[in-house]
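The values are calculated or read from the model by the stated rules, or taken from the named source; none is laboratory data. Note that this is a predicted model, so its numbers are computed, not measured. No Cβ is skipped: glycine too gets one built from the backbone with ideal geometry, and neighbour counts run over all protein chains shown.
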Amino acid sequence: MSQETQPISGHGGPYPTPIIVGRLTVDPGWIDYNGHMNVGYYGVAFDQALEVMLNDHLGLGETYVRTAGYGPYILQSHLHFTRELHLGDGYTIHYWLVNTDAKRLHYYAEMFAEADGALCATQEALILNVSQSTGRSAPFPDWAQARLTRMAAEHENPDLAARLGAPLGIRRNS
């Protein structure tokens, strides 16, 4: 398949900072025996909102996969949970594109409860552009690289640095 595709969705900017995907609601099937959203469904919620962001803004969602034969694969994802969501709760997800190169993009996202604006979870992830026919990484097409570069520049935010790359481990007081 050719990487000489033209964008079918998304736009060339300017991009909102952050990109907000809203009007989302906790699904009944996502509730666990503790009475709140199960940990695994936070990943689903971030992924569903990511698809909106990728397709509507960058043109790299399902439409891109179907027409170009390439698609975004998450290589690594870190989730942090800060507050529960319950059945029917509304939430929004805010996305910042932190960095990009020819084949990858690094984003950071925050999930907020609609009722009171409280931070409920964060996700930081690294995505790789992958050929659907070979299963190997491939550069984004030129139009996508231009969009990613612009969005990363528009989303540059020194305040995000403190939130990125948080280590996982048990902290002990000496």
Problem - Criterion: in a strand (DSSP E or B), modelled with pLDDT of 95 or more, farther than 24 Å from G71 by Cα and among the small types (G, A, S) - qualifying residue of A109, A125, A115, A121 - result: A121
Handout entry: Subset of the stretch 137-147 (residues that are in contact with a strand residue (DSSP E or B) (Cβ under 8 Å, 6 or more places away or on another chain) and either of a type in the set (D, E, K, R) or assigned to a strand (DSSP E or B) (or both))
Key = S137
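On the given criteria, is A153 free of Cβ contacts under 8 Å to residues at least 24 places away in the same chain, under 30 Å from T5 (Cβ atoms) and among the hydrophobic types (A, V, I, L, M, F, W, C)?
yes
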Practice task
Kindly provide the set of residues from the stretch 9-38 that are surrounded by 13 or more Cβ atoms within 10 Å (Cβ to Cβ) and without any contact (Cβ under 8 Å) to a residue 60 or more places away in the chain, ordered by number.
Solution key: S9, P16, D27, W30, I31, H36, M37, N38
Practice task
Please enumerate the residues belonging to the stretch 74-106 that are within 21 Å of P158 (Cβ to Cβ) and touching a helix residue (DSSP H, G or I) at 6+ places or on another chain (Cβ under 8 Å).
Solution key: Y95, W96, L97, V98, N99, T100, L105
Practice task
Filter the stretch 8-31 for residues that are in a loop (DSSP other than H, G, I, E, B), out of contact with any Asp or Glu (no Cβ under 6 Å at 6 or more places or on another chain) and of a type in the set (S, T, Y) and give the result.
Solution key: S9
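Considering only residues that are assigned to a helix (DSSP H, G or I) and among the small types (G, A, S), look in the stretch 149-174 and name the one that is surrounded by the most Cβ atoms within 10 Å (Cβ to Cβ).
Just the residues of the stretch 149-174 that are assigned to a helix (DSSP H, G or I), to begin with: 149-154, 158-163.
Right, trim to among the small types (G, A, S) and you get 152-153, 161-162.
Details: A152: 19, A153: 12, A161: 9, A162: 8.
Among residues in the stretch 149-174 that are assigned to a helix (DSSP H, G or I) and among the small types (G, A, S), the one surrounded by the most Cβ atoms within 10 Å (Cβ to Cβ) is A152.
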Problem - Every residue from the stretch 124-165 that is out of contact with any Asp or Glu (no Cβ under 8 Å at 6 or more places or on another chain) and small (G, A, S) - result: A125, S131, S133, G135, S137, A138, A144, A146, A152, A153, A161, A162
Exercise for the section: Check R104, R150 and return the single one that is touching a strand residue (DSSP E or B) at 6+ places or on another chain (Cβ under 9 Å), of a type outside the set (F, W, Y) and at pLDDT 95 or above. Expected result: R104
Practice task
Please determine, by comparing only the residues of the stretch 32-75 that are assigned to a loop (DSSP other than H, G, I, E, B) and touching a Ser or Thr at 6+ places or on another chain (Cβ under 9 Å), which one is nearest to L105 (Cα to Cα).
Solution key: L60
Exercise for the section: With respect to T134, determine if the residue is loosely packed, with under 13 Cβ neighbours inside 10 Å and either at pLDDT 95 or above or outside any loop (DSSP other than H, G, I, E, B) (or both). Expected result: yes
Fill in the blank from the handout: Expected output for the stretch 64-90 (first residue closer than 16 Å to A138 by Cα and in contact (Cβ under 8 Å) with a residue 12 or more places away in the chain, partner of a type in the set (V, I, T) and assigned to a strand (DSSP E or B), Cβ below 8 Å, 6+ apart or cross-chain) is Y70/V130; G71/V130; P72/I127; P72/V130; Y73/I127; Y73/V130; I74/I127; L75/I127
